[in-house]
1. Would the range 14-32 turn up any residue that is modelled with pLDDT of 75 or more, open to solvent by 90 Å² or more (accessible area, probe 1.4 Å) and hydrophobic (A, V, I, L, M, F, W, C)?
2. Does residue 37 satisfy the criteria of being out of contact with any helix residue (DSSP H, G or I) (no Cβ under 7 Å at 6 or more places or on another chain) and at pLDDT below 90?
3. Filter the range 41-64 down to the residues that are out of contact with any Lys or Arg (no Cβ under 9 Å at 6 or more places or on another chain) and in a strand (DSSP E or B) and list them by number.
4. Do you know which residues across the range 37-55 are of a type outside the set (A, V, I, L, M, F, W, C) and more than 16 Å from the chain's Cα centre (by Cα)?
Amino acid sequence: MRILYLLFAVLVLLFQANQGYAQEFLADTLECKARGNFCILTACPPTFSVSGTCHGGFLKCCQK
């Protein structure tokens, strides 16, 4: 059981070391939110249209 705690600590440190890469990956998400739109995994609701992508192209950015 002690090894699990050590592995968890190492994983946390590895992910914290790579924070700079998250900024590039989420740039489209920040742009979508700045325009007042929202991100969704499925299709946009009927009264909304797709205006771009979020999370590096994994989600759709929906606008009214």
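1. So far as the range 14-32 goes, yes, one or more of its residues are modelled with pLDDT of 75 or more, open to solvent by 90 Å² or more (accessible area, probe 1.4 Å) and hydrophobic (A, V, I, L, M, F, W, C).
2. Numbers: out of contact with any helix residue (DSSP H, G or I) (no Cβ under 7 Å at 6 or more places or on another chain): yes; at pLDDT below 90: no.
No: the conditions fail for residue 37.
3. The first filter runs over the range 41-64 and keeps only residues out of contact with any Lys or Arg (no Cβ under 9 Å at 6 or more places or on another chain), leaving 45-46, 55-60, 62, 64.
Scanning the range 41-64 gives 59, 60, 62.
4. 45, 46, 47, 49, 51
The values are calculated or read from the model by the stated rules, or taken from the named source; none is laboratory data. In this text the structure is predicted, and so the values were computed from the model without any measurement. Cβ sites come from the backbone with ideal geometry, for glycine too, and all protein chains shown count toward neighbours. Just so you know, the surface numbers come from the protein's heavy atoms only, side chains and all, with ligands and any DNA or RNA stripped out. Shrake-Rupley method; radii C 1.70, N 1.55, O 1.52, S 1.80 Å.
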